[in-house]
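A short write-up of the structure that comes next.
The values are calculated or read from the model by the stated rules, or taken from the named source; none is laboratory data. Computed from a prediction, not measured in an experiment: that's the story for all the values here. Here the Cβ is made from the backbone with ideal geometry for all residues, glycine too, and neighbour counts use every protein chain on show. These accessible areas exclude ligands, DNA and RNA; they are computed on the full protein's heavy atoms, side chains included. Shrake-Rupley method; radii C 1.70, N 1.55, O 1.52, S 1.80 Å.
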Amino acid sequence: MLLLALDTATPAVTVALHDGTDVVAASSQVDARRHGELLLPAVDRVLAEAGVRLDAVTGVVVGVGPGPYTGLRVGLMTADTFGLALGVPVHGLCTLDGLAYAAEVEGPFVVATDARRKEVYWARYEDPRTRVTEPAVDRPAEIADVVAGLPAVGAGALLYPDTFPDARAPEHVSAAALAALAAERLGKGEELPAPRPLYLRRPDAQVPKNYKVVTPK
């Protein structure tokens with residue numbers, strides 16, 4: 001097994017290789033505006049660090065969000081392209097699950113990432129491997145009663161201390177955690193889903209109101 005994992009659903013552009021036993025190379029950069037520019041060079045660095053060629057990869061793992069439309073689709077399209085070019089399966093994992101897996105928290109907790117517009121993408125977890133709610137997008141004040149008293153991880157938790165007073169690391173997802181989680185589940189014989197993006201809301205770009213279609217005479 002040699003899994004190539006990547007995620008662009010948050011400001012982190014993160015890539016890792018996992019050999020089925022451990023992470024053999026990883027790279028993470030935080031830059032919300034340069035996903036498309038940074039992702040492929042990060043893949044090259046990780047492959048070079050591991051001393052392997054791209055055609056040695058046996059599977060691709062990609063974070064499916066939730067996340068902003070533009071950043072998220074960079075990772076999804078890249079993962080699909082690698083899968084087609086290499087003829088290997090592409091597995092989708094919830095980005096929040098990757099954050100939860102890397103969290104050093106005992107007992108129930110919350111993962112919250114920044115959804116912009118004064119909102120967070122969030123979900124509740126029983127433990128680092130068990131999500132108990134579907135990912136959602138809400139204003140922090142709207143979920144204050146639901147998450148009250150629970151530790152929280154992720155950049156969204158750090159942004160809103162009134163709702164998440166017990167905010168903890170990690171701030172951003174790492175492909176190393178996604179790869180390790182995927183390897184663990186695949187090693188148990190679980191079937192991972194094909195990637196389906198969790199946008200949770202419409203893209204920011206919209207057709208202007210009163211848009212007039214001009215056709216040639």
> Given the residues V61, V13, V46, which is the only one that is farther than 17 Å from L192 by Cβ and either surrounded by fewer than 19 Cβ atoms within 10 Å (Cβ to Cβ) or in contact with a helix residue (DSSP H, G or I) (Cβ under 8 Å, 6 or more places away or on another chain) (or both)?
Replying inline: V13
> Taking into account only those residues within the stretch 29-38 that are open to solvent by 80 Å² or more (accessible area, probe 1.4 Å) and outside any helix (DSSP H, G or I), which is farthest from V60 (Cα to Cα)?
Replying inline: R33
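Kindly establish whether T21 is surrounded by 24 or more Cβ atoms within 10 Å (Cβ to Cβ), at negative phi and of a type in the set (S, T, Y). Walk me through how you get there before you give the answer.
On the way: surrounded by 24 or more Cβ atoms within 10 Å (Cβ to Cβ): no; at negative phi: yes; of a type in the set (S, T, Y): yes.
No; evaluated as a whole, the condition is false for this residue.
Based on this model, can you work out whether L200 counts as surrounded by 11 or more Cβ atoms within 10 Å (Cβ to Cβ), modelled with pLDDT of 95 or more and either under 28 Å from P89 (Cβ atoms) or hydrophobic (A, V, I, L, M, F, W, C) (or both)? Working first, answer last.
Working: surrounded by 11 or more Cβ atoms within 10 Å (Cβ to Cβ): yes; modelled with pLDDT of 95 or more: no; either under 28 Å from P89 (Cβ atoms) or hydrophobic (A, V, I, L, M, F, W, C) (or both): yes.
Here the answer is no, as L200 does not meet what is asked.
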> What residue, of Y121, Y101, is crowded, with 21+ Cβ neighbours inside 10 Å, among the hydroxyl-bearing types (S, T, Y), at pLDDT 95 or above and farther than 18 Å from L198 by Cα?
Replying inline: Y101
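Mind counting the residues in the stretch 141-155 that are in a loop (DSSP other than H, G, I, E, B) and among the small types (G, A, S)?
Taking the stretch 141-155 first, the residues in a loop (DSSP other than H, G, I, E, B) are 148-151, 154.
Those still in the list that are among the small types (G, A, S) too: 148-149, 154.
Qualifying residue count, the stretch 141-155: 3.
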> Within the set of pairs 6+ apart or on separate chains, which have a first residue in the stretch 78-91 that is within 10 Å of V57 (Cβ to Cβ) and charged (D, E, K, R), a second that is at pLDDT 95 or above and open to solvent by 70 Å² or more (accessible area, probe 1.4 Å), and C-beta atoms under 9 Å apart?
Replying inline: none
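Quick test for you: out of P128, P89, P41, pick the one residue that is more than 14 Å from T8 (Cβ to Cβ), open to solvent by 50 Å² or more (accessible area, probe 1.4 Å) and out of contact with any Leu (no Cβ under 6 Å at 6 or more places or on another chain). First the steps, then the outcome.
On the way: P128 fails: open to solvent by 50 Å² or more (accessible area, probe 1.4 Å); P41 fails: more than 14 Å from T8 (Cβ to Cβ).
When all the criteria are applied, what remains is P89.
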> When the stretch 174-191 is examined, which residues are found to be under 21 Å from T10 (Cβ atoms) and open to solvent by 20 Å² or more (accessible area, probe 1.4 Å)?
Replying inline: S174, A176, A180
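Report, by residue number, each residue of the stretch 106-118 that is at negative phi and either surrounded by fewer than 20 Cβ atoms within 10 Å (Cβ to Cβ) or of a type in the set (D, E, K, R) (or both).
E106, P108, D114
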> Would the stretch 73-84 turn up any residue that is closer than 23 Å to E119 by Cα and either at pLDDT below 95 or open to solvent by 60 Å² or more (accessible area, probe 1.4 Å) (or both)?
Replying inline: yes
